[in-house]
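Written out below as structure tokens is the structure these notes cover.
The values are calculated or read from the model by the stated rules, or taken from the named source; none is laboratory data. As the structure is a computational prediction, the values presented were derived from the model and not from experiment. No Cβ is skipped: glycine too gets one built from the backbone with ideal geometry, and neighbour counts run over all protein chains shown.
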């Protein structure tokens, strides 16, 4: 047996320090994991979604292109279907979000006979020019958002939605 005996005071001190260290680590480790976890995530091949739309079939007339992707919310995975208004402006492909900037309704190309060659929101008579700019004096406060576009094997691929800052 050892000659070094532990006094009651030392025993309590060691016990309190051990329990306190365990509690502190249980509070700090989740915060460290939360801060480091995004750097450890494996990114997919691409953030672009390839649609069924051939680029060679696009014209200067906007058409609705539907696309689907898988979305995961916590433990629930669902398939989401979305749309974009796509057309060619010269050699450039423009893909606009159909979501009105006023209240989030869906805009239609030439949705009103009174306003040809414009996007029209039936909820509150919002109107947009072909390039997505909102028409002054109508409810929308900003232009339609625009998708990042890429061509893959002759098909249209849509990326993230970015604010549209076209002024003309």
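Determine whether region 23-36 contains at least one residue that is without any contact (Cβ under 8 Å) to a residue 12 or more places away in the chain, over 21 Å from the mean Cα position of the chain (by Cα), under 30 Å from residue 154 (Cα atoms) and part of a helix (DSSP H, G or I).
Checking region 23-36: not a single residue is without any contact (Cβ under 8 Å) to a residue 12 or more places away in the chain, over 21 Å from the mean Cα position of the chain (by Cα), under 30 Å from residue 154 (Cα atoms) and part of a helix (DSSP H, G or I).
In this structure, does residue 129 turn out to be under 19 Å from residue 158 (Cα atoms) and free of Cβ contacts under 8 Å to residues at least 40 places away in the same chain?
On the way: under 19 Å from residue 158 (Cα atoms): no; free of Cβ contacts under 8 Å to residues at least 40 places away in the same chain: yes.
In short, no.
Examine region 28-47 for a residue that is touching a strand residue (DSSP E or B) at 6+ places or on another chain (Cβ under 7 Å), at pLDDT below 85 and surrounded by 10 or more Cβ atoms within 10 Å (Cβ to Cβ), and state whether such a residue exists. Break it down into steps so the answer makes sense when it comes.
Filtering region 28-47 for residues touching a strand residue (DSSP E or B) at 6+ places or on another chain (Cβ under 7 Å) gives 47.
From what is left, the residues that are at pLDDT below 85 are 47.
Filter once more, so that each one left must be surrounded by 10 or more Cβ atoms within 10 Å (Cβ to Cβ): 47.
Yes, that holds for at least one residue.
Please verify whether region 68-89 includes one or more residues that are assigned to a loop (DSSP other than H, G, I, E, B) and buried (at least 18 other Cβ atoms within 10 Å of the Cβ). Outline the logic, then answer.
Let us first name the residues in region 68-89 that are assigned to a loop (DSSP other than H, G, I, E, B), namely 74-75.
In the following step, the residues that additionally are buried (at least 18 other Cβ atoms within 10 Å of the Cβ) were identified as none.
Within region 68-89, not a single residue is assigned to a loop (DSSP other than H, G, I, E, B) and buried (at least 18 other Cβ atoms within 10 Å of the Cβ).
For region 91-103, check the following and say yes or no: at least one residue is in a loop (DSSP other than H, G, I, E, B), at pLDDT 85 or above, farther than 24 Å from residue 156 by Cα and assigned by TED's automatic domain parsing to the domain that holds residue 62.
Within region 91-103, none of the residues are in a loop (DSSP other than H, G, I, E, B), at pLDDT 85 or above, farther than 24 Å from residue 156 by Cα and assigned by TED's automatic domain parsing to the domain that holds residue 62.
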